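Each value in this text was obtained by applying a stated rule to the coordinates, not by laboratory testing. Since we're looking at a predicted model, the values are computed, not measured. With ideal geometry, Cβ positions are generated from the backbone for all residues, glycine too; neighbour counts draw on all protein chains shown.
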Amino acid sequence: MATLTTRHLGALRTEITHLQSGNTVTTDAPTDNNGRGEFISPTDMVAGALGSCMLTLMDMAAARMGIDMAGTTLDITKVMAADPRRIAGIEIEVRFPFAADKKTRTIIERAGNTCPVARSLHPDLRQTVTYNYRED
């Protein structure tokens, strides 16, 4: 059974529907590739999916230790290459609103680094992650 359906809306725009929930996401080609850039691009979604996947797995690990991850933010930068056009790298800066000892950091970071999206991306795609914790 399908997980998603994607419908072409014209003018380099699509609508993706998640069949289980019925939620939709509209995509648009970026302005540097003949699009209007009015919605998230498919390549931006890949970068966002990586960040969301990492954050979800870090949250699971933190919850097992009784740590609330609410307020954690990720700044995600997608780096494109030209020939062929592709995602060359994804840079993620994680900002935790809490301090953590070395053991806790290791557990949380290992969880983030092993997310299924990270493991599914081509090994040539550079994934650079910086973890920042609140200083006490």
> On full extension of the chain, what length is gained from residue 11 through residue 24, given 0.36 nm per residue of separation minus the C-alpha to C-alpha distance?
Replying inline: 2.9 nm
>> Which of 21, 41, 52 ends up with the largest GNM mean-square fluctuation for the chain, with Cα atoms connected below 10 Å?
In response: 21
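So which trypsin sites (Lys or Arg not before Pro) in segment 4-51 end up in coil per DSSP with only 12 or fewer other C-beta atoms within 10 Å? Can you show the working numbers first?
Details: sites: 7, 13, 36; in loops: 36.
Those satisfying the criteria are 36.
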> If you put +1 on each Lys and Arg Cβ and -1 on each Asp and Glu Cβ, how big is the dipole of the chain around its Cα centre, in Debye rounded to 20?
Replying inline: 360
> What nm value, rounded to one decimal, do you get for the distance between residue 80 and residue 132 when each label is placed 7 Å out toward the C-beta?
Replying inline: 2.6
> Picking from 62, 29, 81, which is most flexible by a Gaussian network model of the chain using Cα springs under 10 Å?
Replying inline: 81
>> Between 49, 111, 63, where does the largest GNM mean-square fluctuation fall for the chain, given springs only between Cα atoms within less than 10 Å?
In response: 63
> Do the sum for the chain: with -39,500 (n - 2.57) for every DSSP H run of n ≥ 4, divided by all residues, what is the mean residue ellipticity at 222 nm, to the nearest 500 deg cm²/dmol?
Replying inline: -9500 deg cm²/dmol
